[in-house]
Amino acid sequence: MSTQQYRDNALHELACKIDKSPTPTTERSCQVTLPDGSTRLGLTQCVHYVHHGGEYAGALFCRVAFRFAGADSDLPNSYSPTHDVAWLIVDHRRGVVQFGPEGGLLVRQRGLGIGSYILGQLIRPLLGGQINGTYKVITSVVPEAAIASLPPEEVTENERRLERVLARSGFYLSSAAGTRVVGARRVSDLRASWNGEKVRFLNPGQLIDLAAGAVMSSSAAESKGLLLATKLSELQGETDRLAGALAAAQSNLDETVGFHTSEVQAFQAREAEFNNEIQTLKTTIQDLEGALQRGASSHQPQPQPQPQLAPGPVPVPMAAPSNSTMVIELGLSARRAVWATLGVLCVLGSAALLLLGSN
């Protein structure tokens with residue numbers, strides 16, 4: 001590159017003016033594979049506009065913008081003017097191509113292959129035969145502001161991704177002149193390349209098939225949803241029934257626990273009363289045993305001391321006179337026996353006399 005040119009200001013101003021003007025657009029469809037293996041439908045808006053009149057009469061302006069389809073998109077039914085968008089302008093008179101925007105291609109969801117897909121769709125018109133392959137590509141300064149806006153932990157990975165995307169598309173990165181720039185020697189060096197495993201271009205037939213599959217899936221999902229709703233209603237009824245049974249069981253349990261608690265408390269009260277009575281009886285028994293012991297001790301005969309006789313003369317037995325009379329005195333029992341014997345003898349004697357008299 002003998003002449004280093006970073007931007008044609010007049011051509012750049014024309015491109016920015018056309019970019020903000022209403023222009024005819026077309027849309028293409030693609031399928032993006034997410035990191036978890038699921039897919040989402042993406043749309044690319046393409047602008048091909050030929051400028052008429054003035055110094056750059058016949059200049060071709062191309063723009064490609066990307067967005068996800070669906071109500072859950074970041075910008076439903078619209079494209080961002082600053083993100084996921086890139087453009088180029090071709091000056092046939094001078095045979096040069098300039099890329100934009102000046103802030104660079106800012107991709108909202110990195111790592112999905114969207115940036116390389118936008119760049120590939122943008123380069124496709126340059127390779128269709130209408131553009132001379134010897135056209136020069138104006139070198140552009142790498143926008144450092146876009147890189148600086150990234151989180152620090154993503155800067156290194158973003159650099160690697162940027163180098164891979166540009167190299168795959170035929171661009172080069174250079175810092176030889178002290179300024180980090182991106183460019184290409186000629187249009188023939190560029191390639192419309194992207195990762196087809198991450199982003200798959202859909203032609204109209206594929207889009208119709210995908211839409212039909214989505215409708216069938218939606219119909220099946222709706223039927224399944226109705227079935228699940230019916231099942232959910234049944235489960236809700238069963239849940240309500242079980243909740244009622246649980247409430248009744250809880251009420252019975254509370255009543256049983258309350259009754260059991262009152263019984264335990266009454267039993268504990270009775271047990272305390274019994275313990276008090278037993279303690280009272282023990283005390284009474286101990287008092288009685290003490291009294292008995294004291295009574296037994298007080299009634300026990302005490303040994304009487306023997307009187308001490310003073311020594312005196314020994315008495316001399318007297319001899320009984322020879323004419324003394326011995327008197328024998330019977331006791332009461334003996335007297336009764338004697339009188340009984342005499343009574344019997346009288347009776348026997350009377351009986352004997354009667355017998356003799358009768359003979």
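Can you find even one residue in the stretch 46-57 that is under 30 Å from Gly205 (Cβ atoms), of a type in the set (Ser, Thr, Tyr) and either in a strand (DSSP E or B) or free of Cβ contacts under 8 Å to residues at least 24 places away in the same chain (or both)? There is at least one residue in the stretch 46-57 that is under 30 Å from Gly205 (Cβ atoms), of a type in the set (Ser, Thr, Tyr) and either in a strand (DSSP E or B) or free of Cβ contacts under 8 Å to residues at least 24 places away in the same chain (or both).
For the stretch 274-292, a residue qualifies if it is among the aliphatic types (A, V, I, L, M) and open to solvent by less than 80 Å² (accessible area, probe 1.4 Å), and exactly one does: Ala291. Selection within the stretch 127-167: residues that are among the aliphatic types (A, V, I, L, M) and assigned to a loop (DSSP other than H, G, I, E, B). The member of this set that is nearest to Cys62 (Cα to Cα) is Ile131.
Hey, any hits in the stretch 250-259 for a residue that's exposed (fewer than 10 other Cβ atoms within 10 Å of the Cβ) and among the hydroxyl-bearing types (Ser, Thr, Tyr)? Within the stretch 250-259, none of the residues are exposed (fewer than 10 other Cβ atoms within 10 Å of the Cβ) and among the hydroxyl-bearing types (Ser, Thr, Tyr). In the stretch 15-30, what residues are out of contact with any helix residue (DSSP H, G or I) (no Cβ under 9 Å at 6 or more places or on another chain) and assigned to a strand (DSSP E or B)? The answer is Thr25, Thr26, Glu27. Restrict the check to the stretch 278-286 and report whether at least one residue is at pLDDT below 85 and of a type outside the set (S, T, N, Q). Within the stretch 278-286, not a single residue is at pLDDT below 85 and of a type outside the set (S, T, N, Q).
Results for (1) assigned to a strand (DSSP E or B); (2) among the acidic types (Asp, Glu); (3) in contact with a Ser or Thr (Cβ under 8 Å, 6 or more places away or on another chain), shown as yes or no for each residue.
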residue: Glu13; (1), (2), (3): no, yes, no
residue: Val32; (1), (2), (3): yes, no, yes
residue: Asp36; (1), (2), (3): no, yes, no
residue: Leu88; (1), (2), (3): yes, no, no
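From the list Leu235, Leu173, Leu210, Leu242, exactly one residue is part of a helix (DSSP H, G or I) and in contact (Cβ under 8 Å) with a residue 12 or more places away in the chain. Which is it? Going through Leu235, Leu173, Leu210, Leu242 in turn, the sole match is Leu210.
The values are calculated or read from the model by the stated rules, or taken from the named source; none is laboratory data. This one's a predicted model, so the numbers in the text were calculated from it and none came from an experiment. Note that we place each Cβ from the backbone using ideal geometry, even for glycine, and neighbour counts take in every protein chain shown. Only protein heavy atoms, including side chains, enter the accessible area calculation; ligands, DNA and RNA are left aside. Shrake-Rupley method; radii C 1.70, N 1.55, O 1.52, S 1.80 Å.
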